[in-house]
1. Can you tell me which residues in the stretch 239-256 are within 16 Å of the chain's Cα centre (by Cα) and of a type in the set (A, V, I, L, M)?
2. Anything in the stretch 212-259 that is surrounded by 20 or more Cβ atoms within 10 Å (Cβ to Cβ) and under 16 Å from L195 (Cβ atoms)? List them, or say none.
3. Right, G142: in contact with a Leu (Cβ under 7 Å, 6 or more places away or on another chain) and small (G, A, S) or not?
4. Kindly indicate the residue of the stretch 159-168 that is touching a helix residue (DSSP H, G or I) at 6+ places or on another chain (Cβ under 9 Å) and not β-branched (V, I, T) and also surrounded by the fewest Cβ atoms within 10 Å (Cβ to Cβ) among those meeting that condition.
5. Considering only the stretch 244-254, I want to know if a residue exists there that is hydrophobic (A, V, I, L, M, F, W, C), under 20 Å from V147 (Cβ atoms), in contact with a Leu (Cβ under 8 Å, 6 or more places away or on another chain) and modelled with pLDDT under 95.
6. What residue, of E156, E190, E216, is among the acidic types (D, E) and at pLDDT below 95?
7. Scan the stretch 1-58 for residues that are in contact (Cβ under 8 Å) with a residue 40 or more places away in the chain, among the aliphatic types (A, V, I, L, M), surrounded by 19 or more Cβ atoms within 10 Å (Cβ to Cβ) and under 13 Å from K287 (Cβ atoms) and jot them down.
8. Can you name the residue in the stretch 122-140 that is touching a helix residue (DSSP H, G or I) at 6+ places or on another chain (Cβ under 8 Å) and among the hydroxyl-bearing types (S, T, Y) and is also farthest from F221 (Cα to Cα) among such residues?
Amino acid sequence: MSRIRIGLDAMGGDYAPAEAIHGAFLATQQSEFANVDIVLIGEIAIINENLASLGITHSFEVVDAPDTIGMSEHPTKAVSQKRNSSIMVGLKMLMEGKLDGFASAGNTGAMMVGSLYTVKTIDGIFRPAISTILPRPSGKHGLMLDVGANSDVKPEMLVQFANIGTIYAKSIMGIENPTVGLLSIGEEKEKGNILTQATYPLLEEDRYINFVGNVEGRDLFTDKSDVVVCDGYTGNVVLKACEGMFYNLMKRGVEDEYLSQFNFENYGGSPILGVNKPVIIGHGISKAKTFVNMIKLTQDVIVSGLIDSIKAQL
């Protein structure tokens, strides 16, 4: 098997570049990444300075990207004006086949917009989506999408999310025949808003998914459905509410095995589902451990052939 080249945005995230570089180094020390070459992308002088200060002697390939897109910058404006940023250089390398995957904990909007401009969406995809893991007390994990990429959607887009989520659950999560639920305010077919009422019959008719009907907020952390689809506005509210509850309980000293599964560090990030190449978005407050898991997720997406599976089904 040929070696895998993963580009890592060394300048992305609130604690970059130190935590990104430290995470990349920790990954090189693990046997599961023996076939992976990590390419650090960012301002060479700053990267080398951090490598020295961290006492890291591993010889990384470093690609110079003198510009950095800040976390609060306007995505479209930043992407168009900062073509030499670490995000845009990484995405360009991915588009040109110089990388097999690219990961960043930088500006999420810039990653989305940059991906649309460079690697572009898979033919037939209306809009890409971002997903999140739903921990269940049973030990299983569910998947919810979209969680922020698309605030306003049409029924046909939710159907695509259901198909993409099904493929992701099979390829990455190892679920043989994933069930799909539509997030709504009641189990009955007639419940919900105009969007969910119009989407329900389309999901019923789709022979490529295992649709089980509406799921409510209380069902998200049960085994009622493996994949939950919703618009990005609703999904993001759910995601941030869970994050807030997790951090509040941690501050109160609550320790629980199930609660720890809500720690985003354990998952690394989320692929942009629906673009032509493996692009992974990480949390802005990622630390070294998170970057290791981000690299692991990127490797899994590459090895599983997730992108090709989505293309084939569409």
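1. Once the filter is applied, which keeps residues that are within 16 Å of the chain's Cα centre (by Cα) and of a type in the set (A, V, I, L, M), the stretch 239-256 yields only L239.
2. N214, V215, V228, V229, C230, D231, G232, T234, G235
3. Judged against the criteria, G142 is a match.
4. Filtering the stretch 159-168 down to residues touching a helix residue (DSSP H, G or I) at 6+ places or on another chain (Cβ under 9 Å) leaves 159, 162-164, 166-168.
This time we only want the ones that are not β-branched (V, I, T), so: 162-163, 168.
Numbers: A162: 25, N163: 21, Y168: 25.
Only one residue tops the list, namely N163.
5. Looking for residues that are hydrophobic (A, V, I, L, M, F, W, C), under 20 Å from V147 (Cβ atoms), in contact with a Leu (Cβ under 8 Å, 6 or more places away or on another chain) and modelled with pLDDT under 95, one finds at least one in the stretch 244-254, hence yes.
6. Unique residue meeting the criteria: E190.
7. Once the filter is applied, which keeps residues that are in contact (Cβ under 8 Å) with a residue 40 or more places away in the chain, among the aliphatic types (A, V, I, L, M), surrounded by 19 or more Cβ atoms within 10 Å (Cβ to Cβ) and under 13 Å from K287 (Cβ atoms), the stretch 1-58 yields A16, A20, A24.
8. So the residue we want is S131.
The values are calculated or read from the model by the stated rules, or taken from the named source; none is laboratory data. Bear in mind the structure is a predicted one, so any value in this text is a computation, not a measurement. Note that each Cβ is placed from the backbone with ideal geometry, even for glycine, and that neighbours are counted across all protein chains shown. The area values use the complete protein model at the heavy-atom level, side chains included, leaving out ligands, DNA and RNA. Shrake-Rupley method; radii C 1.70, N 1.55, O 1.52, S 1.80 Å.
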